[in-house]
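Structure first, commentary second.
The values are calculated or read from the model by the stated rules, or taken from the named source; none is laboratory data. Computed from a predicted structure; not experimentally measured. With ideal geometry, Cβ positions are generated from the backbone for all residues, glycine too; neighbour counts draw on all protein chains shown. Surface accessibility is based on the protein's heavy atoms, side chains included, excluding ligands, DNA and RNA. Shrake-Rupley method; radii C 1.70, N 1.55, O 1.52, S 1.80 Å.
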Amino acid sequence: MNTLFFLYVPPRLYIISYWSYNNPKTFVGALRPYRMSDFFRQKGWDVTLVTSTCSSGPELTIPESRWMRWSVLRAFPPDYTFLWALKVIWVLRKKIKYSPIPVYLLTTCPPNGLVIAGIVGKFFFPSQIKWILDFRDLWTQHPLYAPPITKRYLDPFIERWAMYHADHIVCNTVWDQNHWSGRFPGHRSKLLTVANGFDHILQNQAVHNIDNLRFVYTGGTTAGQATRWIHSLLNCFQEQVVTCDFYGEYDTFMDTSPCISYRGVVEPEEIPLLLTAYRFGFIYLPKGSEMGGRVAQKFYDYLGSGVIPICYRPSQEMRRLIGELRTGVCISENDSPYDTIRAIQIAEFRASAEQLALLQRNTQFEKLYNSLPSLS
């Protein structure tokens, strides 16, 4: 009697991220793909995270040749990383071609040159690859997009080609999804919003102490602009001495401000617990951020640790989230400092446990997982 054995082959996923989670200089850009790789591994998938700069950790490192970073290549569309993207497909070609089942290829943008990996992969292996295009930011419609003449007309063409040929398109915010839907209405069924979110919901005792005015700021200072703005705001508190603790980037202006206390650099894993000692967290977005779907990662980090976000020049998406959660303070350039201070003093953390649970990373990633057809 013959016995048939059915060998289960787990779905295979290659996540291509130019930046490495283990490189402190590129941590923020690599956080989303790194967490995605963990999530899909827990689901039983065969996941390979491909990066260019990792020296340690679980990533598959495909080094970038020195000549690939020549400054002259930055003038070619989409950006200089397109050469590294070609190298990635060349290295993975045999694993893709001889896979017993179709494989998923997830490319993150920015850097936008990584879309070349998806485009070339779909061209050479159309039946073997299901391409997931993860837009963390807009591309040719981004307010900071100012390409040279060599890219001005080709980048929109490459962007359009990518949108048409990707099998699944992931957006970072609801605003971004609506934006892409308006530009490419025929591909709305491919679009899905997967927010960055946070890993853990932590209890914040400081929130329940209404008299506690402890402020925190994490990350970069936008060339010192955030430092000066926070100093000018806190300096307006009357009969109160309040300070803001800065973690992350150092700015020489901090040494001259009695309202600023620099606490140094902390490991990313330490930030959620560290934040629970504070009631308010500042978010400074550069000029021009009012339009669009930009949401700073620290916005989610603050919420996950029970910190009330104070957002200067928030985007439309951040205003929407603050309105739905009923937690946070929005500040525009024209707002009076004293009106702002009053708004801060009466602010409370009102986000419900159900709302916070929906913003957890794994809950967000679950939406992507459920939208993918089974390959088993």
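Summary table
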| item | result |
| --- | --- |
| First in the stretch 185-202 and over 15 Å from Val307 (Cα atoms), second anywhere and surrounded by fewer than 19 Cβ atoms within 10 Å (Cβ to Cβ) and of a type in the set (A, V, I, L, M, F, W, C), Cβ under 6 Å, 6 or more apart | Thr193/Val174 |
| Residue match in the stretch 132-141 (condition: basic (Lys, Arg), in contact with a helix residue (DSSP H, G or I) (Cβ under 9 Å, 6 or more places away or on another chain) and closer than 28 Å to Gln364 by Cα) | yes |
| Candidates Ser315, Ser336 - the one that is farther than 21 Å from Thr363 by Cα, free of Cβ contacts under 8 Å to residues at least 12 places away in the same chain and hydroxyl-bearing (Ser, Thr, Tyr) | Ser336 |
| Top-ranked residue in the stretch 116-144 [being farther than 20 Å from Tyr34 by Cβ and aliphatic (A, V, I, L, M); ranked as least open to solvent (accessible area, probe 1.4 Å)] | Ile129 |
| Residues of the stretch 245-278 classified as in a loop (DSSP other than H, G, I, E, B) and acidic (Asp, Glu), total | 3 |
| Residues within the stretch 318-335 that are open to solvent by 80 Å² or more (accessible area, probe 1.4 Å) and more than 22 Å from the chain's Cα centre (by Cα), tallied | 3 |
| Residue within the stretch 336-359 that is touching a strand residue (DSSP E or B) at 6+ places or on another chain (Cβ under 8 Å) and basic (Lys, Arg) present | no |
| Number of positions in the stretch 76-99 that are in a loop (DSSP other than H, G, I, E, B), open to solvent by 30 Å² or more (accessible area, probe 1.4 Å) and either of a type outside the set (Ser, Thr, Tyr) or in contact with a Lys or Arg (Cβ under 7 Å, 6 or more places away or on another chain) (or both) | 2 |
| Wholly enclosed strands (runs of 3 or more DSSP E) of the stretch 125-244 bearing at least 1 residues under 17 Å from the mean Cα position of the chain (by Cα), of a type in the set (A, V, I, L, M, F, W, C) and at pLDDT 95 or above | 129-135, 168-171, 191-193 |
| Helices (runs of 4 or more DSSP H) lying entirely in the stretch 281-376 (those with 1 or more residues that are farther than 30 Å from Leu106 by Cα) | 316-325, 337-346, 353-358 |
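Listed here are the residues, each with its yes/no results for (1) closer than 12 Å to Asp301 by Cβ; (2) without any contact (Cβ under 8 Å) to a residue 12 or more places away in the chain; (3) open to solvent by 30 Å² or more (accessible area, probe 1.4 Å).
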residue	(1), (2), (3)
Trp229	no, no, yes
Pro258	no, no, yes
Pro272	yes, no, yes
Arg279	no, no, no
